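Following: one structure in structure tokens, then a few remarks.
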Ligand SMILES: Nc1ncnc2c1ncn2[C@@H]1O[C@H](COP(=O)(O)OP(=O)(O)O)[C@@H](O)[C@H]1O
Ligand SMILES: [Mg+2]
């Protein structure tokens, strides 16, 4: 809305401030975070045991006739669990809460675009979790397993593809959050979103093990670009790295447009109803 | 119009009613409270289904790919999962949203449950009826019934009866363990995370053939946190596997007794800890 | 004070046949884990299990007769709420005896609940999301109250507490005063023999306070309910209570009626005289009389044990022409304030 009133520098400072607020809010929940980390290690271990029990031999066939070893599959599942954990902290940025109690009017009065506020608020939540993950990663590798990237290029591609993956997670989360303007209810919706997104992201099972129709469906949804795509690049199972990352970027743009469209309508709705 | 003043005399108007009747009265109140908010019933229940369903979707994809896990077919694993989830659904539907228990106790809200002629736990459980829990129960029943018709079990009065008792007992096991953990909140301990962990263990480990895990984990899940009795042992009995387990066969056959026994234990623990309730200094 | 304690003790030994509440040598300790400050403080608090003991109630004795209206008073932290929580079965005493209508509350919590009504000014016991009407229906079912009695009680309460304007509004939308009135109705619906009130009028406006006082008074007078009230509002006490127990530091410091409390703790009376127009104040010249001269009146404080009122009035009239004379009784507010202050509190 009135974002144009600020200089670029002022705006960046505002974004950083919004993220910081969320970071400090999150550290209050430190002990919760520790427990959810234990939960993560626990799931990593469990998934490993399930894969060990499921694998009949040391190799299994992927959907497209490729082979994937047990140890590679375990590495996938460990990496996916950790990455999903970082990108999807339980406490989202509290938009629904703020819509319900009317605080959103304050948010809207700030001279920074509402969508930007939401996005950077969520980024803050995730950044707050990073130190815990750095501590947890060695344990996760110990409990589960790890493999080096397929090649130096794959490693670099993985690092680069995490950026659009992160943005897509933020954008889909915000899109679900913004529906609170209409439903005034989000407990239910956000749980459904999380569960569906987790599954289609490949956080539990890689797309290559899904039955054909499910794999097709998953590959047409944005969620796979958040977890499955970066790891597939890492393991050298993705085809052309450049075009895969390009596709991720297309998703970023599409989702951003959808979010803007919804945000404009949500604001109009608030304006009409007087918040 | 003026009403007559009343003389209450020496006899109070109230009397004690059986625990199940007060439970139903309180449940009715919680249920009506829930509908004061026009929450979307469908979405709330669906969120329960989604929460539980995604775990099953994982198993389903893996087993569909590999045929079996640890010698159990898809329908057999679904059967374990269905028993576990139905038992869980039964427990959460009757117990409401109790993860807030610690705050209820710390902030002295629990006081009000002690000055009414009804069980404190029944009042606590009916503090709020949480609609998504219906989704847990619903998905459990769907998976259980679908799987029961698929597995090569011989369904007769005896086996169906065993299944029903096992499901009830499974709900009691989870409930009893949750209540035991919760009891320690009366000693101003923070029990929320312990209870959360337990819930995690139940929902993450509970639906698998426990024999796929290393022996140490198996023993823990049998004798420390008696999860094996919830769904795995009953499934092993009903699919004719109870002979070759890591425990004597009679133990698996007795699993419907585990719930009632633990409930008795939980009752004692709850009562003994309730004495330590401190209310809150205002 | 020792004489008073002996008096209370004697009453208990006889076991007053009218007594509905018996409390003797009641003690309650709270054990609090010692918090360790500084780095890793939280962790060390968990590990060391050291604790500090706070004795909130320290050997209290009293008996309340059926039909009494008792004011249970004391400064903040005196142990009032803790005593009430033990009488209502919420807390188990550390030691001592307690009997309410023949029942040991913590041992038979649910049976005790039938005999008592409880209202905490701070915390509602109503169903937050439901209208008051429905809360009362639920209570009716929970206590299995006979429908005819239920209806008669509800009608009486609706009139006495003026519940009609908000009877169908969800409780969470009520004002504090409305909510407390609703709580009172809910507490009294099962016709308990004893009503415990812990600061029911705190934070209420004058109108709401008046309604509540009227209700409590009618309840005690018409229905015969025994009432135990803690409050910081001494107007409540003066309007309602015939007997007062003062406690401090967990011990009883006074037990008796309001009048003797005044005479025991406040020797001073005040004589207020209004001078006729144009008359100058020239003093009375009696030692021990403190004079304070205002614009319209002069106040003379004196100790009735030393100086006769008639003597003082005669002395005043000898030198002045007056339009009005009045003797001012001490107000309970001032009395209690002085008692707290003399003990180094408040
Ligand atoms: N639940 C509790 N835990 C620890 N200390 C308490 C608790 N309740 C009361 N106390 C302490 O006991 C004393 C008496 O409290 P209380 O009975 O609430 O006083 P009053 O109601 O007279 O203001 C206070 O010092 C208070 O801090
Ligand atoms: Mg108090």
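Can you name the residue in region C:61-76 that is under 16 Å from the mean Cα position of the chain (by Cα) and within 11 Å of chain B (Cβ to nearest Cβ) and, of all such residues, is farthest from ligand 2 (Cβ to nearest atom)?
It comes out as C:67.
Regarding residue A:232, is this residue over 28 Å from residue B:135 (Cβ atoms) and outside any loop (DSSP other than H, G, I, E, B)?
Working: over 28 Å from residue B:135 (Cβ atoms): yes; outside any loop (DSSP other than H, G, I, E, B): yes.
Criteria met by residue A:232.
Condition (residue is part of a loop (DSSP other than H, G, I, E, B) and more than 7 Å from every other protein chain (Cβ to nearest Cβ)) applied to region A:183-191: is it met by at least one residue?
If we filter region A:183-191 for residues that are part of a loop (DSSP other than H, G, I, E, B), which is where we start, we get A:184-186.
Next, from what is left, pick out any that are more than 7 Å from every other protein chain (Cβ to nearest Cβ): A:184, A:186.
Yes, region A:183-191 contains at least one residue that is part of a loop (DSSP other than H, G, I, E, B) and more than 7 Å from every other protein chain (Cβ to nearest Cβ).
Quick check on region B:242-255. Is at least one of its residues in a loop (DSSP other than H, G, I, E, B) and within 14 Å of chain C (Cβ to nearest Cβ)?
Start the filter on region B:242-255 by keeping residues that are in a loop (DSSP other than H, G, I, E, B), which leaves B:245-248, B:254.
Narrowing the set further to residues that are within 14 Å of chain C (Cβ to nearest Cβ) leaves none.
So far as region B:242-255 goes, no, none of its residues is in a loop (DSSP other than H, G, I, E, B) and within 14 Å of chain C (Cβ to nearest Cβ).
Among the residues of region B:26-37, is any at pLDDT 90 or above and farther than 30 Å from residue C:164 by Cβ?
Looking for residues that are at pLDDT 90 or above and farther than 30 Å from residue C:164 by Cβ, one finds none in region B:26-37, hence no.
Can you name every residue in region C:135-146 that is at the interface with chain B (Cβ under 7 Å from one of its Cβ atoms) and farther than 13 Å from residue B:18 by Cβ? Even if it seems obvious, please write down each step before you answer.
Taking region C:135-146 first, the residues at the interface with chain B (Cβ under 7 Å from one of its Cβ atoms) are C:138, C:141-146.
C:138, C:143, C:145, C:146 - these are the residues of region C:135-146 that are at the interface with chain B (Cβ under 7 Å from one of its Cβ atoms) and farther than 13 Å from residue B:18 by Cβ.
Just for region B:74-114: of the residues that are closer than 30 Å to residue B:152 by Cα and within 12 Å of another protein chain (Cβ to nearest Cβ), which one is surrounded by the fewest Cβ atoms within 10 Å (Cβ to Cβ)?
Residue satisfying both the conditions and the ranking: B:74.
Would you say residue C:144 is farther than 16 Å from residue C:28 by Cβ, away from ligand 2 (no atom under 16 Å from the Cβ) and not in a loop (DSSP other than H, G, I, E, B)?
Working: farther than 16 Å from residue C:28 by Cβ: yes; away from ligand 2 (no atom under 16 Å from the Cβ): yes; not in a loop (DSSP other than H, G, I, E, B): no.
Here the answer is no, as residue C:144 does not meet what is asked.
Search region C:92-110 for residues being at the interface with chain B (Cβ under 7 Å from one of its Cβ atoms) and either part of a helix (DSSP H, G or I) or free of Cβ contacts under 8 Å to residues at least 12 places away in the same chain (or both), and hand back the single one that is surrounded by the most Cβ atoms within 10 Å (Cβ to Cβ). Explain how you work it out, then say what you get.
First, pick out the residues of region C:92-110 that are at the interface with chain B (Cβ under 7 Å from one of its Cβ atoms): C:92, C:109-110.
Then drop every residue that is not either part of a helix (DSSP H, G or I) or free of Cβ contacts under 8 Å to residues at least 12 places away in the same chain (or both), which leaves C:109-110.
Working: C:109: 22, C:110: 18.
By that ranking, first place goes to C:109.
So that you can scan it fast, the table gives a plain yes or no per residue for (1) in contact with a strand residue (DSSP E or B) (Cβ under 7 Å, 6 or more places away or on another chain); (2) in contact (Cβ under 8 Å) with a residue 12 or more places away in the chain; (3) within 14 Å of chain A (Cβ to nearest Cβ); (4) not in a helix (DSSP H, G or I):
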{"site": "B:160", "(1), (2), (3), (4)": "no, no, no, no"}
{"site": "B:197", "(1), (2), (3), (4)": "no, no, yes, no"}
{"site": "B:211", "(1), (2), (3), (4)": "no, yes, yes, no"}
{"site": "B:262", "(1), (2), (3), (4)": "no, yes, no, no"}
{"site": "B:276", "(1), (2), (3), (4)": "no, yes, no, yes"}
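Looking only at residues that are outside any helix (DSSP H, G or I) and facing another protein chain (nearest Cβ under 9 Å) in region C:77-91, which one is farthest from ligand 1 (Cβ to nearest atom)? Break it down stepwise before answering.
Keep residues of region C:77-91 that are outside any helix (DSSP H, G or I), which gives C:77-79, C:88-91.
Applying the additional criterion that residues be facing another protein chain (nearest Cβ under 9 Å) yields C:77, C:88-91.
On the way: C:77: 4, C:88: 13, C:89: 15, C:90: 10, C:91: 8 Å.
Only one residue fits best here, namely C:89.
Filter region B:62-73 down to the residues that are buried (at least 19 other Cβ atoms within 10 Å of the Cβ) and either at the interface with another protein chain (Cβ under 7 Å from one of its Cβ atoms) or without any contact (Cβ under 8 Å) to a residue 12 or more places away in the chain (or both) and list them by number. I'd like the intermediate steps shown before the answer.
Let us first name the residues in region B:62-73 that are buried (at least 19 other Cβ atoms within 10 Å of the Cβ), namely B:62-63, B:69, B:72.
Within region B:62-73, B:62, B:69 qualify.
Hey, could you check region C:181-238 for residues that are within 16 Å of ligand 1 (Cβ to nearest atom) and assigned to a loop (DSSP other than H, G, I, E, B) and say which is nearest to the chain's Cα centre (by Cα)? Talk me through it step by step, then tell me what you get.
Residues of region C:181-238 that are within 16 Å of ligand 1 (Cβ to nearest atom), as a first pass: C:196-203, C:228-234, C:236-237.
Adding the requirement that they be assigned to a loop (DSSP other than H, G, I, E, B) leaves C:199-203, C:231-233.
Working: C:199: 7, C:200: 9, C:201: 10, C:202: 11, C:203: 15, C:231: 4, C:232: 7, C:233: 8 Å.
Residue satisfying both the conditions and the ranking: C:231.
Please count how many residues of region B:10-54 are more than 7 Å from every other protein chain (Cβ to nearest Cβ) and in a loop (DSSP other than H, G, I, E, B).
Summing the residues that are more than 7 Å from every other protein chain (Cβ to nearest Cβ) and in a loop (DSSP other than H, G, I, E, B) in region B:10-54 gives 5.
The values are calculated or read from the model by the stated rules, or taken from the named source; none is laboratory data. Values in this document were obtained by computation on a predicted structure and should not be read as measured data. All Cβ positions, glycine included, derive from the backbone under ideal geometry; neighbour counts span all protein chains shown.
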